[in-house]
Amino acid sequence: MIKLRPSVNSLWLAFLVVACGSDESDGTGAATTTTPTDTPTSVGPVTSPGGSNTGVAPTVGPATVAPGTIPVGPGSVPPVVGPTASGPDVVGPTPTGPTGVAPTPTGPTGTVSPTGVVPTDVAPTGVAPTGPVPTDVTPEPEPPEPSLIVSSEGSFWNTGEVTKVDSGTPNFTVDTSNKFQKWLGWGGTFNEAGWDALKALSDTDRATAMKMLFDPVEGIGFDWGRIPIGPSDYALERYTLSSGPGDFSIDHDMSTLIPFIQEAQKIKGDVKYWASPWSPPPWAKTGMTENGGYDKGIFNDQYYQEYADYFVDWIQAYEDAGIPINAVMAQNEPGWAQSYPTCAFGPARDSTNSTDIPNPVTLGTFIDGYLFPSIDAAGLTTGVWFGTQSNNSFFDDYWNDMKSKASADRIVGVALQWETQASIGKVDSNKYLIMQSEHKCGNYPWGSSEGYVTHQTNQTPSGVAPNDFNYGQESWDLMKSWIDDGVNIYSAWNMVLDTHGTNLDAVRVWNQNAMLVVDRDAKKLIPTPYYYVFRHFAQYVDGDATRVGVNGEAVAFQNTKDNSVVVVMRTSSPGSQIVSIDGTLLQFEAAGNGWVTVNWKPE
């Protein structure tokens, strides 16, 4: 019998955990499930540094999270230095800041480590501070990683150990000699609405939320971070960084977006940041615009060069703020024109009246003739991806046009989301990386074509996003499906929202789900089932792993640094089960309807 234990917090108790509101699907959802919905467990008071949660007793078997506690499992993932993929390289700057010197995040004096700021002026415990600590002091060892993590409906992230057995029939079989795509990591998106929600919490709870997302030992440990260039649909308002050609300032971002990113940098210093606009400034758009030029509309091709200069200004301004930009993408969802900041760069669909906008493709022309030359002229090493694409009706128009350009070979990869999953096979994976750039956010307001639509009557500003176990099951299906189809990177949409989850779109009100939810009235942080699903996949899989073969409802990876194997499985019934990893039989206790991660290091 395997003993499972609810996770408890260590120092600075914490938890980790593209526009989703920007998509309308034509029916690529997962199969229907009858799993009942549930209410996510609220996070209660957070332990102060050096303390621990109270009222959590060890249990045998999966344990329900006690009210007022946050389950945090021991475990560590050494920092991801960077991708070492066979095939296309990730092009972009080494995180060194604009002048080649790594910026030190605001905070305690010290050096930047992958997990935060390491003070250099603090004496060892029990010794009066007399000066800097010698640099050869042995660091505190990281806690051992668990080999087993079990979650089920109502009981999440229970850690334990697998047992090696000599015989038995495997429920899952892993063959590491059967290798698939190189894995380059997991990502999430920074949006103003998320930071605004986090500001409603206490400083301690807010720090906990950031660790849940970015700490590689006590949370997901994201490898990638997406940043909007200008307003997204989850901005707090429509705004511009440029009032006209040649004018530019990121002053607006200094109050919300940049503090959000800087808090992540303090926790994990090697996150790779990429960015895309939802809309150009209003002066660079024409035709059928709404809300002062921010919503809908078409890119005005009179401003190719001025808009390329805008990208360069943005990259340089963010790097001057200590945020290195690994890559940019020219437009979020160029095939959609919607009632929040959006812009068509070719044929597009007007989501309000479902009519097509038959204008010619201009995205490839902008990238090839203006964006690449302007980045080069500025001496930047920022990479360019082709994305983000989400309307499969027009994917061929966009991609075939880009491939015809002289700079096509310079494209790092293609970012696909939502229904363009059907076009993964059209991208040469030996030449280009492929990113799933925006996890579907559930609770779709346009009908029941998606297999997991829930709470359809809650589509009002006063409604709430379900964030239920049903959506956790849908998220499992989405992640497994995209990974099986060959993507190299998987990115979440909103990492944090409040309980309502609504955006700037007042025409189609959509209560979107998120990884972490903030109850503003109760000032509570709520991790959702989706958060735990994502963490089951991501925490122990490094950003230089390889996907390997496994049968059944499972996904498996092998890490490069130590050959450890991570197997993520969906289980439908409780009881003893066995996973075979290259012939080694490992027994574990499944909790029933939920997910299991086995994190196995060969002896």
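Overview of results
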| read-out | value |
| --- | --- |
| Whole-Hz ³J(HN,Hα) from phi, Karplus 6.51 cos²θ - 1.76 cosθ + 1.60, for region 596-603, glycine and proline x | 10, 10, 9, 10, 10, 9, x, 7 |
| Net charge over other residues, Cβ less than 14 angstrom from the Cβ of Phe180 (K, R count +1; D, E count -1) | +1 |
| Scattering curve values for region 209-265, log₁₀ I(q)/I(0), Debye with Cα scatterers, q = 0.31 Å⁻¹ | -1.26 |
| Cβ-defined net charge surrounding Phe395, 10 Å radius [Lys, Arg +1; Asp, Glu -1] | -2 |
| For peptides 309-316, 377-384, sequence by mean Cβ density within 10 Å, most packed first | 309-316, 377-384 |
| Cα-based reach from Lys211 at 30 Å (exclusive), listing lysines while leaving out same-chain residues under 8 positions away | Lys3, Lys182, Lys199, Lys266, Lys268, Lys272, Lys440, Lys480, Lys523, Lys524, Lys561, Lys601 |
| Kirkwood Rh in Å, taken over region 232-316 so that all alpha-carbon pairs contribute | 14.3 Å |
| Rounded FRET efficiency, nearest 0.05, which uses the C-beta distance separating Ser572 from Asp247 and R0 of 56 Å | 0.45 |
| Computed E for Lys179/Ser354 - FRET, C-beta separation, R0 56 angstrom, nearest 0.05 | 0.80 |
| Proxy reagent accessibility, fewest Cβ within 10 Å first, across Ser404, Ser423, Ser437 | Ser404, Ser423, Ser437 |
| Burial ranking of peptide ranges 593-600, 178-185 (average Cβ count within 10 Å, highest at the top) | 593-600, 178-185 |
| Computed Kirkwood radius, in angstrom, where 1/r is averaged over Cα pairs of region 459-603 | 16.9 Å |
| Chain lengthening between Met288 and Asn551 when straightened (0.36 nm per residue, less Cα-Cα) | 89.7 nm |
| 11 Å beta-carbon shell around Thr560, net charge (K/R +1, D/E -1) | -1 |
| Derived scalar couplings ³J(HN,Hα) [region 501-517; Karplus, 6.51 cos²θ - 1.76 cosθ + 1.60; whole Hz; x for Gly, Pro] | x, 8, 10, 6, 7, 8, 7, 10, 5, 9, 8, 8, 7, 8, 5, 10, 10 |
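Readers should treat all values here as calculations from the given coordinates under stated rules, not as data from a laboratory. Predicted, not measured: the structure shown is a model, and the values here were computed from it. Glycine gets a Cβ as well: all are built from the backbone with ideal geometry, and neighbour counts include every protein chain shown.
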